[in-house]
Amino acid sequence: MKIVLLGPPGAGKGTLAKIVKDQLKVPHISTGDILREEIARQSGLGLKVKSYMDKGELVPDDLVIALIEKKLSDPAIKSKGYMLDGFPRNTHQAQTLGKILENIGQPLDFALYMTASLAVILRRLSGRRVCKQCGTVYHLTNRPAKQEGVCDLCGAVLYQRADDNEETIRKRMDVYWESTRPMLDYYQTQDKLRTFDGDLETEEVFEILLKMLHEDTKVDHH
Ligand code: AP5
């Protein structure tokens, strides 16, 4: 499977990617997760990107493109494909990705666009909690941890992302409408865009995705 997951913040991209990774063993590459790890390690890259991320702005293209290029050079990508989450985020990133994928001979199958209403986005992001150690994502009401503030899987403490406050969520939405939403045309003109209702339960979205992949394989064989 070779896909990119697109959609506004909180559409459920990371949550869907986790199910696909667990069930289909497709490598999940999330630029947001990689950048947050760099910030936690206080690396040179982490120090450069922190202020952009805290404000809800996009990190400069050259930094994220270099990251993605390195990740896609992993030999596992050739055998297992990839699921990119949070990249690309503007038309320049999408065009550059197209060239990188052409160079490594692994062109995209689909761009999955997950939609979500603003009310759902605000509810999801303000209630999101993430494990500091293993990165498992919870929600205060939708997916609560068994013991509040503690990860069910590894027992570490849960935290709220620095950009999950209402002011920064609104800024991220502005950036999404200005830079990311127009990029969908790039995939639409290539007939690679598939739209999913992100307001649905993640398991339902996963079922729809499986059905779509199955249909596509059938078409390929005729
Ligand atoms: P990133 O980490 O990519 O954040 P985002 O795109 O804003 O997306 P989110 O992680 O907030 O949402 P999601 O759709 O994954 O939702 P999730 O599944 O967790 O980027 C952060 C920042 O990094 C950017 O602002 C930018 O600065 C920088 N950056 C990253 N990539 C970049 C790039 N390419 N270029 C430049 N800068 C870049 O779900 C949210 C919550 O809802 C969870 O609590 C979950 O439990 C719950 N939930 C999810 N789905 C459902 C459902 N179906 N039903 C009920 N609850 C659900």
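What GluC sites (Glu not before Pro) in region 126-171 are in a loop by DSSP, with at most 13 other Cβ atoms within 10 Å of the Cβ?
Here the GluC sites (Glu not before Pro) that fit, given the DSSP loop and packing criteria, are Glu148.
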Fewest first, what order do Thr195, Thr141 take by the number of other Cβ atoms within 10 Å? Thr141, Thr195
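Using Cβ counts within 10 Å as a stand-in for footprinting exposure, how do Leu158, Leu45 rank, fewest first?
Details: Leu158 21, Leu45 17.
Ordered from fewest to most neighbouring Cβ atoms within 10 Å, Leu158, Leu45 come out as Leu45, Leu158.
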Distance from the Cα centre of region 173-213 to that of region 1-62, in angstrom? 16
Using Cα springs under 10 Å in a Gaussian network model of the chain, which residue among Ala111, Ala11, Ala40 shows the largest mean-square fluctuation? Ala40
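How large is the dipole of region 105-222 about the Cα centre if only Lys and Arg carry +1 and Asp and Glu carry -1, each at its Cβ, rounded to the nearest 20 debye?
Values: 16 positive and 20 negative charges, 101 e Å.
Charge dipole, region 105-222, about its Cα centre: 480 debye, nearest 20.
Can you check what the net charge comes to around Leu112, using other residues whose Cβ is under 9 Å from the Cβ of Leu112 (Lys, Arg +1; Asp, Glu -1)? Don't skip to the answer; put the middle values down first.
On the way: positive: Lys13, Arg194; negative: none.
Spelling it out: positives minus negatives among the neighbours equals +2.
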In region 176-220, which GluC sites (Glu not before Pro) fall in coil by DSSP and have 13 or fewer other Cβ atoms within 10 Å? Glu201
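Within 13 Å, Cβ to Cβ, of Tyr186, how many net charges do the neighbouring residues add up to if Lys/Arg are +1 and Asp/Glu are -1? Show your work: numbers first, answer last.
Values: positive: Arg89, Lys99, Arg181, Lys192; negative: Asp185, Asp191.
In short, +2.
Taking other Cβ within 10 Å of each residue's Cβ, how do Val175, Val137 sort, fewest first?
Values: Val175 19, Val137 15.
By the 10 Å Cβ count, ascending: Val137, Val175.
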Computed [θ] at 222 nm, helices only, for the chain once each DSSP H run of length n ≥ 4 contributes -39500 (n - 2.57): -15000 deg cm²/dmol
Report the dimensions of region 64-222 along its three principal axes from the alpha-carbon atoms, largest first, rounded to Å. 50, 33, 31
Estimated dipole of the chain in Debye, rounded to 20 [Cβ of Lys and Arg +1, of Asp and Glu -1, Cα centre]: 540
Environment charge of His28, counting only residues whose C-beta is closer than 11 Å and scoring Lys/Arg +1, Asp/Glu -1: +3
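Kindly point out which whole DSSP H helices in the chain project their C-alpha atoms 27 angstrom or further along the helix axis while averaging a Kyte-Doolittle hydropathy of -0.5 or above. Before the final figure, lay out the partial values.
Values: long enough: 202-221 (29 Å, -0.38).
What comes out of the filter, once short or polar helices are dropped, is 202-221.
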Put +1 on the Cβ of every Lys and Arg and -1 on every Asp and Glu Cβ in region 1-82; which of Ile29, Ile65, Tyr52 then has its Cα farthest towards the positive end of the dipole? Ile29
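The numbers here are math on the coordinates, done by the rules we state, and not lab data. Computed from a prediction, not measured in an experiment: that's the story for all the values here. Glycine gets a Cβ as well: all are built from the backbone with ideal geometry, and neighbour counts include every protein chain shown.
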